[in-house]
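A.B. asks: Quick one: the structure is below, questions incoming.
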Amino acid sequence: MKTDCSDVGKILFTRRKIARRVKKLGAEVSEKYAGLRPVCVCVLKGAAIFFSDFVRALKIDAELDFIAVSTYGAGTSSSGRLNIKSDVSTNLSGRDVIIVEDVVDSGFTMYKLKALFEERGARSVAIAALFDKPDKRKYDTCADFSCFSVGDEFIVGYGLDFDEKFRSLPFVGVLKKSEIEKQPNN
Ligand code: PRP
């Protein structure tokens, strides 16, 4: 059965608003990386849709790669672990890397991933995020480029999920509390 949009209480970012902002981000990043050929790394799965629009908004040549990670013990201390489920295939040594992420929340994923790419010898590592949740930050990291700052709402759509649902919605909205409470763990 197709995801029911009625579970989304309020639309925060329409398809048009996102498209306009991502296009602007593409121009901003292109200016900063003029003359370079960065490697854009999509953090799966949440960033997949943002990534496809972002890289097409770039006015420079870029290489594309993908990484899938999960976190263990994140949010409590920096001893949390980043588990790489599927790694990039590009040799990042000497390269300018742009990590493309959907949400920077506690900052754990970006903190660890940036350190990993630096260890692998990247010349530079920047973070381009669709959403930044600065109030939730627990790790010393920040997005170099971000489209929107958001609060603590549970947002879904345009790649962001709840229990693997809502990723394909073309807009971003706040999930209704009643939908979150349906989960057995809540
Ligand atoms: C989400 C999101 C980020 C991470 C942000 O991933 O996509 O990767 O959490 O949180 P942090 O800043 O606290 O580390 P999730 O584990 O939900 O996987 P998904 O991308 O497949 O939805």
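The values are calculated or read from the model by the stated rules, or taken from the named source; none is laboratory data. What you see is a predicted model; the values in this text were computed from it and never measured. Here the Cβ positions follow ideal geometry from the backbone for every residue, glycine too, while neighbour counts run over all protein chains shown. Ligands, DNA and RNA are stripped out before the accessible areas are found, and what is left, the full protein with its side chains, is counted by its heavy atoms. Shrake-Rupley method; radii C 1.70, N 1.55, O 1.52, S 1.80 Å.
A.B. asks: Is it true that Gly94 is away from the ligand (no atom under 11 Å from the Cβ), of a type in the set (Gly, Ala, Ser), touching a Gly at 6+ places or on another chain (Cβ under 9 Å) and open to solvent by less than 10 Å² (accessible area, probe 1.4 Å)? Lay out the reasoning, then the answer.
C.D. replies: Working: away from the ligand (no atom under 11 Å from the Cβ): yes; of a type in the set (Gly, Ala, Ser): yes; touching a Gly at 6+ places or on another chain (Cβ under 9 Å): yes; open to solvent by less than 10 Å² (accessible area, probe 1.4 Å): no.
No; evaluated as a whole, the condition is false for this residue.
A.B. asks: List pairs: first in region 3-22 and over 20 Å from Asp53 (Cα atoms), second open to solvent by less than 60 Å² (accessible area, probe 1.4 Å) and at pLDDT below 80, Cβ under 7 Å, 6+ apart or cross-chain?
C.D. replies: Asp7/Glu179
A.B. asks: Quick check on Arg37: is it assigned to a helix (DSSP H, G or I) and out of contact with any helix residue (DSSP H, G or I) (no Cβ under 6 Å at 6 or more places or on another chain)? Give the steps one after another, and end with the answer.
C.D. replies: Working: assigned to a helix (DSSP H, G or I): no; out of contact with any helix residue (DSSP H, G or I) (no Cβ under 6 Å at 6 or more places or on another chain): yes.
No: the conditions fail for Arg37.
A.B. asks: Quick one: which residue in Arg120, Arg37 is open to solvent by 60 Å² or more (accessible area, probe 1.4 Å), over 27 Å from Ser168 (Cα atoms) and touching a Ser or Thr at 6+ places or on another chain (Cβ under 8 Å)? First the steps, then the outcome.
C.D. replies: Values: Arg37 fails: touching a Ser or Thr at 6+ places or on another chain (Cβ under 8 Å).
Only one candidate qualifies: Arg120.
A.B. asks: So which residues in region 123-134 are open to solvent by 40 Å² or more (accessible area, probe 1.4 Å) and within 13 Å of the ligand (Cβ to nearest atom), if there are any at all?
C.D. replies: If the condition is that a residue be open to solvent by 40 Å² or more (accessible area, probe 1.4 Å) and within 13 Å of the ligand (Cβ to nearest atom), then Pro134 is the only one that fits.
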